[in-house]
Amino acid sequence: MDGCRGGFVLDRLRVVAVVGRRSRASASVSILRGGRSFEAMEDGEGAVDAVSRAVATALGIDARIKNLRTGGTRGGRGEVWVSVECEGGARTGYCASADFVEAVARAYLEALDVLVAAKPAGDVGEARTK
């Protein structure tokens, strides 16, 4: 996808959100990296929370979004910057997409890609590899 970079590839993202007095969301992800697939499904308080939990679970890492910033549009796509803390490091990822939740997921993966680059390949998502 144009406007998104990184070694992790978001192969599939499915989000179901219920908004109301008791808002909840559920997300499932499939992430590719180096010929391996990482998958997970998680619930959250909203779509972004559910997606970030699913990505962290799929990759088997302790990461969280610290800041999320949106910008104007670029060619009909909204811009998103996500600041992530992961196992003592911090990084910001970027993505532009027509879909906000997809942009957040891809920007999150871009930041995580840099943060986990120093880890041996077997240390990322070992329990979730398909």
How do VAL29, VAL114, VAL104 rank when sorted from fewest to most other Cβ atoms within 10 Å of their own Cβ?
VAL114, VAL104, VAL29
Rg and Dmax of the chain over Cα atoms: what are they, in angstrom?
13.9, 44
If I build a Gaussian network model for the chain, linking alpha-carbon pairs within less than 10 angstrom, which residue out of VAL80, VAL55, VAL15 has the largest mean-square fluctuation?
VAL15
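Here, each number is a calculation from the coordinates, and none is a lab measurement. Predicted, not measured: the structure shown is a model, and the values here were computed from it. Here Cβ is always computed from backbone atoms with ideal geometry, including for glycine, and neighbour counts include all displayed protein chains.
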